[in-house]
Amino acid sequence: MSNFVSVTRDGGVAVVSIDNPPVNALSFHVREPLMQALVSLRDDPEVAAIVIACAGRTFVAGADITEFGKPMQQPELRAIIAVLEAIAKPTVAAIHGTALGGGLELALSCHVRVADAGAKLGLPEVKLGLLPGGGGTVRLPRLVGAEKALGMIVSGTPIGAAEALAAGLVDAVFDSDLTAKAISFARDMAAKGGRFTPVRDRLDRLDPAELPEFDKQAAELAKKARGLEAPIACAQAVRNAITLPFDEALAAERTLFLKLVGGDQSRAQRHLFFAEREAAKIPGKDLSRRKIARIGVIGAGTMGGGIAMAFANGGYPVTLLETSGEALQRGLATIDKNYAVSVARGSLSEEAKRQRLGLFKGTTDYNDLADCDLIVEAVFEEMAVKKEVFGRLDAVARPGAILATNTSYLDVNEIAASTSRPQDVLGLHFFSPANVMKLLEIVRAEKTAPDALATVVELARRIGKVPVVVGVCHGFVGNRMLAARGAESEALLLEGATPSQIDRAFTDFGWPMGPFQMGDLAGLDIGWRNRKARGQTAAIADALCEQGRFGQKTGRGFYLYENGSRVPAPDPDVEALIRAKAAEKGIAPRTISADEIIERTLYPLINEGAKILEEKISARASDIDVVWVNGYGFPVGKGGPMFWAGLEGVDKIVARLDHWHEQTGKEIFRVTPLLRQMAVSGSWEGVAS
Ligand code: 3H9
């Protein structure tokens with residue numbers, strides 16, 4: 001017996017209960033007593049059957065991720081699983097909450113699995129840059145078939161109890177009294193007697209004839225892996241389950257696991273796992289939370305509508321305000337249409353659509369916002385307009401309501417100062433489409449009250465967003481660094497690179513798309529308008545816009561999109577335009593390498609990140625990583641820009657920035673003191689706080 005594993009008896013059924021809050025991870029202090037308990041119950045003649053259950057909010061959610069990368073203390077999970085699977089008495093896993101990773105693998109080594117109706121089961125190791133290393137890749141296909149297992153293991157997405165039952169992963173689902181029912185299940189099995197087949201010996205779902213179809217699916221998945229090793233290894237391991245004897249497949253899984261767990265990609269993804277959770281922590285003890293029952297959104301355009309949907313998707317009633325009845329109807333119709341697309345795609349049921357639409361209340365009257373606990377404005381991006389809206393909110397909002405601006409660039413302190421309650425004002429910078437994109441920059445203004453901040457951080461997690469708290473500056477963390485990344489794009493074109501060459505350097509790095517493809521997708525006119533408003537120019541992008549080439553929506557931008565195609569085709573006209581502009585400026589074209597493209601775009605991005613840390617706009621380097629991975633598609637396998645800087649070598653980055661600064665004299669390459677200091681200390685740690 002230990003504090004973490006206890007055994008109780010119900011007649012001849014022994015219940016092993018794991019209690020390791022918060023998620024019952026299989027830490028060393030759990031594994032040791034768990035092994036002892038299983039060995040002793042195995043040998044105890046009084047015990048006829050064993051149930052494995054968990055205390056608290058969940059079944060085992062996996063191995064203890066904090067132990068990876070350190071010498072593993074014995075017994076390892078695999079040894080426990082081997083003992084459990086060899087027990088001849090009936091063994092039953094009673095699953096509630098989430099059975100994930102090593103948790104599901106533990107359950108897979110029982111004869112039977114029973115689940116609570118709300119349970120979720122999955123092998124999410126791929127999201128940590130790993131593959132299931134406790135036999136999951138070899139046992140799961142034996143229960144659900146190789147194709148289903150491939151989908152589950154390569155996506156890492158858990159399935160619900162009903163789906164698990166239909167797939168053969170669990171044997172029974174109960175609405176209540178899970179442990180009691182698991183005990184009675186185990187008792188019945190013991191009474192029936194006979195030999196209980198361990199999962200390793202079940203072969204009926206494995207059909208070598210399915211291999212060609214399996215390989216086709218695996219090849220499709222490999223194409224989407226974008227340089228990530230784990231999804232490929234997952235597919236290989238599941239294939240081994242079909243082609244190799246059990247023990248050989250298990251040994252191959254181990255080899256692949258060890259390779260991944262020691263690699264940079266998994267280190268990067270584990271870093272991101274903890275970084276996301278760290279980002280949601282607000283300093284300050286026992287901060288109270290404000291009540292959020294109803295949310296107001298001002299503006300039913302693309303952004304406002306998306307924000308309203310994000311809250312409704314999280315179950316919150318939303319009051320949506322527009323200036324005219326017509327604009328309101330248009331906005332609500334778009335929301336309706338967006339949900340209809342989800343229904344058509346099969347990702348939302350008709351019933352769920354009806355429920356979500358039922359959460360919306362449209363209005364054109366500010367007084368209707370009086371019962372809202374949080375009001376988010378998504379109106380035109382102009383200070384005067386924002387101030388007017390906040391003035392009106394100040395007059396109607398109830399005391400203590402949180403007032404948020406969705407500005408992407410403007411000074412939230414100035415907006416807050418235009419109200420009588422700056423402590424209740426903050427920024428909620430959603431990314432477009434707001435109902436889809438996970439990142440939410442939460443802007444803490446000078447006077448924002450800590451409890452208001454803590455409330456929105458918690459709310460953000462509740463609606464499935466990834467919140468990161470940032471300070472006030474132009475563009476906050478994400479857009480400010482994006483500007484640094486894009487600063488050299490035009491120069492690279494003028495010096496001889498083509499848009500597709502630059503974009504390829506980005507996709508080879510692991511980005512989903514390069515900057516020019518992204519510009520074409522978002523619309524080049526947006527940047528053009530912004531530049532004009534700020535008195536700035538960009539020779540090539542401006543010239544394209546002057547020709548009406550706004551990107552995909554006009555069929556032409558940096559690329560050609562013929563006949564409505566979304567696939568960018570290089571355009572000789574654009575290349576000629578670039579050469580002409582270069583000639584005008586007297587720049588002779590030269591060959592530009594992929595390394596140079598990365599140096600001149602991503603190194604300034606990191607330098608800007610360091611400035612953001614210096615200015616305390618971000619509290620931690622890892623917050624910046626969370627912003628870039630979730631909002632801008634920085635490759636997860638590289639852990640975000642600040643983590644990647646460590647992999648690349650900060651000293652190398654500093655040396656190359658110095659080189660470019662010397663060559664060009666451009667401010668964008670001037671190394672900030674913090675980055676230089678980092679090159680010496682070799683770590684961001686301890687620098688930002
Ligand atoms: C694995 O199993 C490998 C095996 O195949 C092979 C082995 C040989 N370890 O997310 P939350 C912490 S790989 C350590 O906010 P929620 C987390 O950091 C593992 N710590 O809660 C946080 O700490 P803090 C496969 C963990 O309710 C606290 O618990 N499994 C672990 O929103 C609360 O977490 C996974 O990948 C862990 N495994 O969500 C599952 N999990 O409070 C990973 C959590 O100090 N976990 N913590 O910030 C999850 O997906 C979510 O935590 C879960 C709960 C859905 C369970």
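The values are calculated or read from the model by the stated rules, or taken from the named source; none is laboratory data. What you are looking at is a predicted structure, and each value in this text was computed from that prediction instead of being measured. Positions of Cβ are backbone-derived with ideal geometry, glycine not excepted, and every protein chain shown enters the neighbour counts.
Of the residues Ser618, Ser681, the single one that is of a type in the set (Ser, Thr, Tyr) and in contact with a helix residue (DSSP H, G or I) (Cβ under 6 Å, 6 or more places away or on another chain) is Ser618.
A single entry from Thr455, Thr419, Thr407 fulfils the requirement of being part of a loop (DSSP other than H, G, I, E, B), buried (at least 21 other Cβ atoms within 10 Å of the Cβ) and at negative phi: Thr407.
Across region 131-147, the number of residues qualifying as touching a Lys or Arg at 6+ places or on another chain (Cβ under 8 Å) and either under 15 Å from Gly62 (Cα atoms) or among the acidic types (Asp, Glu) (or both) comes to 3. Here is a check on your reading of the model: is Asp508 within 21 Å of Ile597 (Cβ to Cβ), surrounded by fewer than 17 Cβ atoms within 10 Å (Cβ to Cβ) and either at pLDDT 95 or above or acidic (Asp, Glu) (or both)? So Asp508 fits the description; yes.
Note on region 1-19: residues that are free of Cβ contacts under 8 Å to residues at least 40 places away in the same chain and either assigned to a loop (DSSP other than H, G, I, E, B) or within 33 Å of the chain's Cα centre (by Cα) (or both) amount to 7. Can you find a residue that is within 25 Å of Gly639 (Cα to Cα), assigned to a strand (DSSP E or B) and within 14 Å of the ligand (Cβ to nearest atom) anywhere in region 122-145? There is at least one residue in region 122-145 that is within 25 Å of Gly639 (Cα to Cα), assigned to a strand (DSSP E or B) and within 14 Å of the ligand (Cβ to nearest atom).
Of all the residues that make up region 143-155, how many are within 19 Å of Lys127 (Cβ to Cβ) and either polar (S, T, N, Q) or surrounded by fewer than 21 Cβ atoms within 10 Å (Cβ to Cβ) (or both)? Looking only at that region, the number is 3. So which of Ala279, Ala251 ends up being within 16 Å of the ligand (Cβ to nearest atom) and either surrounded by 23 or more Cβ atoms within 10 Å (Cβ to Cβ) or touching a residue at least 40 places away in the same chain (Cβ under 8 Å) (or both)? Going through Ala279, Ala251 in turn, just one is within 16 Å of the ligand (Cβ to nearest atom) and either surrounded by 23 or more Cβ atoms within 10 Å (Cβ to Cβ) or touching a residue at least 40 places away in the same chain (Cβ under 8 Å) (or both): Ala279.
Please determine, by comparing only the residues of region 578-623 that are assigned to a helix (DSSP H, G or I) and acidic (Asp, Glu), which one is surrounded by the most Cβ atoms within 10 Å (Cβ to Cβ).
Asp623
For region 458-482, the set of residues classified as at pLDDT 95 or above, of a type outside the set (A, V, I, L, M, F, W, C) and at positive phi consists of Gly464 only.
Scanning region 60-94 for residues that are β-branched (Val, Ile, Thr), within 14 Å of the ligand (Cβ to nearest atom) and either within 17 Å of Gly135 (Cβ to Cβ) or surrounded by fewer than 16 Cβ atoms within 10 Å (Cβ to Cβ) (or both) yields Val60, Thr66, Ile80, Ile81. Residues of region 96-121 that are among the β-branched types (Val, Ile, Thr) and either out of contact with any Asp or Glu (no Cβ under 7 Å at 6 or more places or on another chain) or within 12 Å of the ligand (Cβ to nearest atom) (or both): Thr98 alone. I'd like to check something: does region 196-203 contain any residue that is closer than 18 Å to Pro90 by Cβ, touching a residue at least 60 places away in the same chain (Cβ under 8 Å), exposed (fewer than 15 other Cβ atoms within 10 Å of the Cβ) and among the charged types (D, E, K, R)? Yes.
Just one of Leu674, Leu657, Leu647 is of a type outside the set (Lys, Arg), in contact (Cβ under 8 Å) with a residue 24 or more places away in the chain, assigned to a helix (DSSP H, G or I) and surrounded by fewer than 15 Cβ atoms within 10 Å (Cβ to Cβ); which is it?
From the options Leu674, Leu657, Leu647, the qualifying one is Leu647.
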